[in-house]
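The block underneath contains the structure these notes are about, expressed in structure tokens.
The values are calculated or read from the model by the stated rules, or taken from the named source; none is laboratory data. Predicted, not measured: the structure shown is a model, and the values here were computed from it. So basically every Cβ, Gly included, is an ideal-geometry build from the backbone, and we count neighbours across all protein chains shown.
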Amino acid sequence: MTFNTNALSRAANEARGLTMDAVHACSSGHLGLPLGCAEIGAVLFGQALSYDPQAPRWLNRDRFVLSAGHGSMFLYSWLHLAGYAVSHDDVKKFRAFGSHTPGHPESFETPGVECTTGPLGQGVANAVGLAMSQKMAAGRFNTAEHVIFDNHIVCLAGDGCLQEGVAAEASSLAGHQHLDNLILIYDSNAVTLDAMADASQSEDTAKRYEAYGFRVQTVDGNDLAAVLAAFESAKAATGQPQFIVAKTLIGKGIPEVAGTSKAHGEGGAKFIEAARKGLGLPEEHFFVSTDTRAYFVEHQKHLTAAHAQWQHTFELWQKANPAKAAELADAVAKKIPADLMSRVPEFPADAKIATRKAGSDVLQPIAVALPDLIGGSADLYGSTLNYINCDKDFTPQNRAGRNIRFGIREHAMAAILNGFAYDGIFRPSGATFLVFADYARPSIRIAALSKLPVTYIFTHDSIGVGEDGPTHQPVETVAGLRVIPNLDVIRPADPEETAGAFVAAMQRTNGPTLLALTRQAVPMLNEASVQTRREGVLQGGYVIVKENGPLKTILMGAGSELQHAVAAAKQLGEGVRVVSIPCMERFEAQSAEYKESVLPKSCRRRVAIEAGVPDPWHRYVGLDGKVIGITRFGISAPGNKVMDFFGMNAQSVVDAANALS
């Protein structure tokens, strides 16, 4: 489509008007970026991006990520003008209750929003994940005859994003991986929220990104032709990711605050009437001219034609590669074999291994059954044991590899996994020590909020870590993760429960699952059948030892401490039931009838044991029960000695049960 400076300039000013009106209407929001980057939006959505608003999820679209999610009206304005299902009324209802234009972009709420952004830096790392996902898809599915993946990932970020450590971690990995399908546009306006940017930074960001391995260009971000030239150059370049430093005027269009920190938020809203006149906008609020509407209608014809051309290539590829086509279709549909559980061999009845080792054994047949499952580790494959043995590393030389070496970048790993999940082709998983979940927690939270099917394989799950001491012994971590809505935390007790845990994670498509696995060996709990243990995990909780005679006492636990409840039941004699609750979130989702069958209200003599803070268990033991837990940090000693020191043994359970009235 011919570059039409007048049309794009007009659209940029009308997008500014939409932002000013929306922020003024709700007395909330951020004016600075949408006004300062309007020309960038006009170039991207009016000329340079490859997308189809009538098919917002088509596989080979360019992906646009607004990492600086506080500037959400930038995205909503351009999605509306471009023809996505973001209506004029949606724009008018910015930040209103129940609207499709929330305060920060949410991937599940607004058509055309690729990633949920807002916490700064997340979008940069998400974009790296999207770029890796698309490179992996190209390596897996493209053929010499038919190229079906050749798009670009475009991310707009500001100083706030690039100051965040997660963006630095992810950018470093992007450079190392030579992700030449990634274009990061830096809205360099010299302003942060509190003050001018030089109050908190003095680095040369362009040189920093050159050091990461990016190709860097610097342009006037308010010059349409300059932005387009830089973007087209970035798209044509190969061999390294692209970094465009776009020098912009924050709050452009409102002279009273433009170029200052006051332009960042809604500080300029009181000046909008004069500003709208200065931009040549009429008195009508939320105004979009017929000329701008017509321009985007015409532009959409070109976009639809390009999509149709790709669709023709895709259909030829499908006919020529039926096996690959079926694999891709199953991946996009998140199809799981109905017999996945039975594909995992049973463990020997006398096995005594760590659940991290059991997890490694379980992972291998699952990875064969699910070719879309990918994995990574934060420089800990030798400890987390989650390497997919039937494949190799993902590298610039082997884009089809399913194993990603993230390096010591836990937060970036989690945010990049989110990017894979947003892309929707591969099932991402990643591993580190459980105690380092705190480094990844912001991204885990966003995965839960955005309903992303990410799997976290976190090992060394308790004070059983031993000699590494309290810095590496998670005591509060599991409880802290359990309070995140929509996150399934599964702490299996033995190898067969571990098999159930992995299958549960694979079957879940509406949110993330975290598997907390032991470093130390645990025994097989053969008191229940293999099927009972595996399927019990799917339900979150189940009876692993049925009482003999009338029910008098319920013992319960999770993970490596469940063995002590089982052993205590044998000492306590008749009337003792043992309940395994490896996943409280799944158990709470069961029917009231099922939960009553496992934990009948009539039995109030209850003891729970877990090597962590006791708080989550009080909902199950009630006011009359007892929780054997840990309310302080650990100690450095052999794991078995640490466990005994904190009372993580059968005798503690027996004593607690006998002390109950």
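Tabulated data
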quantity: Scan of the range 28-50 for residues that are crowded, with 24+ Cβ neighbours inside 10 Å and either under 23 Å from residue 423 (Cβ atoms) or of a type in the set (A, V, I, L, M, F, W, C) (or both), ordered by number; calculated: 31, 33, 35, 37, 38, 40, 41, 42, 43, 45
quantity: Qualifying residues in the range 481-533 (those that are of a type in the set (Val, Ile, Thr) and farther than 17 Å from residue 589 by Cα) - the one nearest to the chain's Cα centre (by Cα); calculated: 503
quantity: Residues within the range 75-100 that are without any contact (Cβ under 8 Å) to a residue 60 or more places away in the chain and on the phi < 0 side of the Ramachandran plot, tallied; calculated: 13
quantity: Subset of the range 519-540 [more than 24 Å from residue 447 (Cα to Cα) and part of a loop (DSSP other than H, G, I, E, B)]; calculated: 519, 520, 524, 525, 526, 527, 528, 529
quantity: Where residue 418 falls short, out of the listed (1) under 14 Å from residue 130 (Cβ atoms); (2) surrounded by fewer than 20 Cβ atoms within 10 Å (Cβ to Cβ); (3) polar (S, T, N, Q); calculated: (2)
quantity: Verdict on residue 495 being over 23 Å from residue 363 (Cα atoms) and touching a Ser or Thr at 6+ places or on another chain (Cβ under 9 Å); calculated: no
quantity: Single match in 46, 29 (criterion: of a type outside the set (Asp, Glu) and closer than 20 Å to residue 189 by Cα); calculated: 29
quantity: Scan of the range 403-415 for residues that are among the aliphatic types (A, V, I, L, M), under 11 Å from residue 170 (Cα atoms) and in contact with a strand residue (DSSP E or B) (Cβ under 8 Å, 6 or more places away or on another chain), ordered by number; calculated: 413, 414
quantity: Residue tally, condition more than 30 Å from residue 345 (Cβ to Cβ) and touching a Phe, Trp or Tyr at 6+ places or on another chain (Cβ under 7 Å), over the range 474-502; calculated: 1
quantity: Complete set of residues in the range 421-463 that are of a type in the set (Ser, Thr, Tyr), surrounded by 24 or more Cβ atoms within 10 Å (Cβ to Cβ) and more than 9 Å from the chain's Cα centre (by Cα); calculated: 429, 432, 455, 456, 459, 462
quantity: Residue check, residue 284 farther than 15 Å from residue 143 by Cβ, outside the structural domain of residue 453 (by TED's automatic domain parsing) and either free of Cβ contacts under 8 Å to residues at least 40 places away in the same chain or of a type in the set (Lys, Arg) (or both); calculated: yes
quantity: Options 327, 315, 283; residue that is out of contact with any Phe, Trp or Tyr (no Cβ under 7 Å at 6 or more places or on another chain), among the charged types (D, E, K, R) and closer than 30 Å to residue 512 by Cα; calculated: 327
quantity: Neighbours by Cβ (under 7 Å, 6+ apart or cross-chain): first from the range 288-311, within 30 Å of residue 92 (Cα to Cα); second among the charged types (D, E, K, R); calculated: 288/14; 289/10; 289/14; 291/10; 292/10; 292/14; 303/52; 304/52
quantity: Identity of the residue in the range 534-578, crowded, with 18+ Cβ neighbours inside 10 Å and polar (S, T, N, Q), that ends up farthest from residue 522 (Cα to Cα); calculated: 553
quantity: Filtered residues of the range 196-229 (kept if within 19 Å of residue 159 (Cβ to Cβ) and in a helix (DSSP H, G or I)); calculated: 197, 198, 199, 205, 206, 207, 208, 209, 210, 211, 212, 227
quantity: Considering residues of the range 240-249 that are of a type outside the set (Gly, Ala, Ser) and modelled with pLDDT of 95 or more only, the residue surrounded by the fewest Cβ atoms within 10 Å (Cβ to Cβ); calculated: 247
quantity: Boolean, residue 16 is under 20 Å from residue 106 (Cβ atoms), crowded, with 22+ Cβ neighbours inside 10 Å and of a type in the set (D, E, K, R); calculated: no
quantity: Qualifying residue in the range 149-161 (condition: of a type in the set (A, V, I, L, M, F, W, C), more than 22 Å from the chain's Cα centre (by Cα) and within 30 Å of residue 315 (Cα to Cα)); calculated: yes
quantity: Qualifying residue in the range 324-345 (condition: without any contact (Cβ under 8 Å) to a residue 24 or more places away in the chain and surrounded by 15 or more Cβ atoms within 10 Å (Cβ to Cβ)); calculated: yes
quantity: From 145, 114, residue being surrounded by fewer than 20 Cβ atoms within 10 Å (Cβ to Cβ) and either small (Gly, Ala, Ser) or in contact with a helix residue (DSSP H, G or I) (Cβ under 7 Å, 6 or more places away or on another chain) (or both); calculated: 145
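Residues are listed down the side, and each one gets a yes or a no for (1) closer than 30 Å to residue 382 by Cα; (2) at pLDDT below 95; (3) among the aromatic types (Phe, Trp, Tyr); (4) touching a Leu at 6+ places or on another chain (Cβ under 7 Å):
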| residue | (1), (2), (3), (4) |
| --- | --- |
| 313 | no, no, no, no |
| 330 | no, no, no, no |
| 344 | yes, no, no, no |
| 357 | yes, no, no, yes |
| 361 | yes, no, no, no |
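One line per residue, one yes/no per condition, for (1) free of Cβ contacts under 8 Å to residues at least 24 places away in the same chain; (2) buried (at least 21 other Cβ atoms within 10 Å of the Cβ):
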{"residue": "186", "(1), (2)": "no, yes"}
{"residue": "192", "(1), (2)": "no, no"}
{"residue": "202", "(1), (2)": "yes, no"}
{"residue": "209", "(1), (2)": "no, yes"}
{"residue": "220", "(1), (2)": "no, no"}
{"residue": "226", "(1), (2)": "yes, no"}
{"residue": "233", "(1), (2)": "yes, no"}
{"residue": "251", "(1), (2)": "no, yes"}
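For every residue, the table says whether it meets (1) over 30 Å from residue 563 (Cβ atoms); (2) in contact with a helix residue (DSSP H, G or I) (Cβ under 7 Å, 6 or more places away or on another chain).
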| residue | (1), (2) |
| --- | --- |
| 322 | yes, no |
| 335 | yes, no |
| 338 | yes, no |
| 342 | no, no |
| 351 | no, yes |
| 368 | yes, no |
| 382 | no, no |
